[in-house]
Amino acid sequence: MRLHVAELAAIKERVHAGPGEQATAAQKAKGKLTVRERIELLLDEGSFREVEPLRRHRATGFGLEAKRPYTDGVVTGWGTVEGRTVFVYAHDFRIFGGALGEAHATKIHKIMDMAIAAGAPLVSLNDGAGARIQEGVTALAGYGGIFQRNTRASGVIPQISVMLGPCAGGAAYSPALTDFVFMVRETSQMFITGPDVVRAVTGEEITQNGLGGADVHAGTSGVAHFAYDDEETCLEEVRYLLSMLPSNNRENPPSAATDDPPTRTCEPLLDLVPVDGNRPYDMHRVMEELVDDGDYLEVHERWARNIICALARLDGKVVGIVANQPQALAGVLDIEASEKAARFVQMCDAFNIPIVTLLDVPGFLPGVDQEHGGIIRHGAKLLYAYCNATVPRISLILRKAYGGAYIVMDSQSIGADLTYAWPTNEIAVMGAEGAANVIFRRQIAAAEDPEAMRTRMVKEYKAELMHPYYAAERGLVDDVIDPVHTREVLIDSLAMLANKHADRPARKHGNPPQ
């Protein structure tokens, strides 16, 4: 037995060492960590348990039969993050460039099935060159199995894709199917067709990072939710995100102890938000005043900046915050903002995270590009997401809330459980100036002094229909509150809604707008 154990130990040592020093040096020269270094950073120390470390491919042809390394280029297993079970698979670029073959895919399928069965999050550390060309269509079928499991796990367990190297072709669709995508600048790229193909087909010259780098996907395409400068920071933030998510859709997110009192008053809010609806301010500062210790994790920070989506805690309980950002495009809703917020609302609803919506929205962005780009159907995605959500939903109107954008941003009429407003709120079909120009068009045109008449009619409209208590008088707002007590009101309201249950009609699934 001792001889057999010694043989096993020698094999395991070779498995952990990887394909050799030369391959490791090449990996390091690109500024990238090795696969096991990444797993060690992601998981709690000493918690990783590997699955099928001795797996080898059985393909033949093109010299494959002479090269059969252990792991077949992917390390799979489970461990813990802050004591909670997390499953992981990680490509090893040093072996076949991390390319996916039959054995490689089978290992990933198995760990995905285990994660779904165990009801635990799945993290993929992606650093692969796509399908293993030498294995032909078998490799492509392996991707199909991954996509099918991504879809089956959607809304059941959190799925996080961490891009630490190239991801091209069909392989990019697996991260696109997951809940969150992290990227590292300079070393990770995602694209369906690379620069060479783009050059051959369109004649455009572009680099890999210019086509599908972290900054492109974090700020332009919206494919990446987070982008960081190095792998260490990236993986630390993955751990932080996991601490805010439940293990599966049957659990609530983990609570955390806090020294920030639930009754803490927020005096700075009295000065942060200007009464003048045309003056911008930073909604981030409002959020910092409200949430525990001013700490939150913003999702899609650099994409569609006119709306903010973030995870935070109130009295130790995780909440999702959706907020208009008056500093960007005056906080209007447009195509990208609608898509960004809709996906975030769906994620929160899937994983039992209450939603707090902070409104200061002047409406939808007008323009030919928006209409031709489908603002109707894109805006409907956000409307559908809110109407379909069964988690506790609280909306707070800080200042203006105009037109269809007010309805879409979780108004009481589409199912918000509680709606509050500050005494600076203006809820109306449109701004007073625009409304006066429509309603009193003839009077203004016939007046001796049209400008004076317009000013008078604007004041009249504001006095009649846009005073802060108009909506409260009609039951469209549950209460008008002192901004100083907003944190306490939100925490008390969420505590009351903690056991909310909402029945939905029996159906296979809805048919959301696309």
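The values are calculated or read from the model by the stated rules, or taken from the named source; none is laboratory data. Worth saying up front: this structure is predicted, and the values here are computed from it rather than measured. So basically every Cβ, Gly included, is an ideal-geometry build from the backbone, and we count neighbours across all protein chains shown. Just the protein is used for accessible areas: all its heavy atoms, side chains included, with ligands, DNA and RNA removed. Shrake-Rupley method; radii C 1.70, N 1.55, O 1.52, S 1.80 Å.
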- Message: Can you give me the convex hull volume of the Cα atoms of the range 431-514, divided per residue and expressed in Å³?
- Response: 214 Å³
- the range 78-131: Kirkwood hydrodynamic radius (Cα pairs, Å) comes out at 11.7 Å
- Diffusion coefficient, µm² s⁻¹, Stokes-Einstein with Kirkwood Rh over alpha-carbon pairs of the range 151-204 at 4 °C and 1.567 mPa s: 104 µm²/s
- Note on the structure: Candidate cut points under GluC sites (Glu not before Pro) in the range 1-109, DSSP loop plus at most 15 other Cβ atoms within 10 Å of their own Cβ, are Glu45, Glu82
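Shape call for the range 211-349 from the C-alpha gyration tensor, a ≥ b ≥ c root eigenvalues: rounded (a/c under 1.5), prolate (a/b greater than b/c) or oblate?
Verdict is oblate for the range 211-349.
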- So how long is each side of the range 358-514 along the principal axes, counting just the alpha-carbon atoms, biggest first, in Å? 61, 42, 22
- DSSP beta bridges in the chain [antiparallel fraction, %, rounded to 5]: 40 percent
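Normalise the Cα radius of gyration of the range 75-196 by 2.2 N^0.38 Å (N = residues in it) and let me know the number.
This ratio for the range 75-196 stands at 0.99.
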- In nm, give the distance between the simple-model label positions of Tyr240 and Phe147, each being 7 Å from the Cα along the Cα-to-Cβ direction. 3.4 nm
- Note on the structure: Glu232 and Val5 label points (each 7 Å along its Cα→Cβ direction) are spaced in nm at 3.7 nm
- Message: Let me see the P(r) profile for the range 317-441: every Cα-Cα distance counted, bins of 10 Å, each bin given as a percent of all pairs.
- Response: 14, 45, 32, 8, 1, 0
- Find the accessible area per residue for the chain; the probe is 1.4 Å, ligands and nucleic acids are left out, and the unit is Å². 45 Å²
- Message: Only helices at least 18 Å long along their own axis, judged from Cα atoms, and with Kyte-Doolittle mean hydropathy of -0.5 or greater: name those in the chain from DSSP H.
- Response: 2-17, 102-118, 137-153, 231-244, 335-350, 375-388
- Pull up the cross-link candidates among the aspartates and glutamates for Lys67, meaning alpha carbon to alpha carbon under 19 Å and not fewer than 8 places away within one chain. Glu13, Glu21, Glu52, Asp92, Glu102, Glu135
- Message: Can I get the semi-axes of the range 130-276's equivalent ellipsoid? Compute them from the C-alpha gyration tensor as square roots of 5 times the eigenvalues, in angstrom, largest first.
- Response: 37, 23, 13
- Task: Would you please give the FRET efficiency between Ile414 and Arg58, computed as 1/(1 + (r/R0)^6) with r the Cβ-Cβ distance and R0 = 41 Å, to the nearest 0.05?
- Result: 0.15
- In whole Å, largest first, the alpha carbons of the range 278-377 cover along the principal axes 45, 34, 20
- Item | Computed E for Asn437/Thr85 - FRET, C-beta separation, R0 56 angstrom, nearest 0.05 | 0.40
- Message: If I stretch the segment between Ile376 and Val156 completely, what's the gain in nm (0.36 nm per residue apart, minus their alpha carbon distance), one decimal?
- Response: 76.2 nm
- Give the total of Lys-Lys pairs in the range 378-514 with Cα-Cα distances below 27 Å; include a pair only if its members are 8 or more places apart or on different chains. 6
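Measure off, as a whole percent, the carbon and sulfur share of the 1.4 Å-probe accessible area of the range 368-490, all protein chains present.
Values: 3190 of 5750 Å².
The C+S portion of the solvent-accessible surface of the range 368-490 is 55 percent.
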- As straight-line cross-link partners of Lys110, the qualifying lysines (C-alpha separation under 23 Å, not fewer than 8 residues apart within one chain) are Lys12
- Query: Can you work out the FRET efficiency for the pair Leu270 and Arg68, with r the C-beta to C-beta distance and R0 = 51 Å, to the nearest 0.05?
  - Reply: 0.15
- Item | Along each principal axis, Cα extent of the chain, largest first, Å | 100, 56, 45
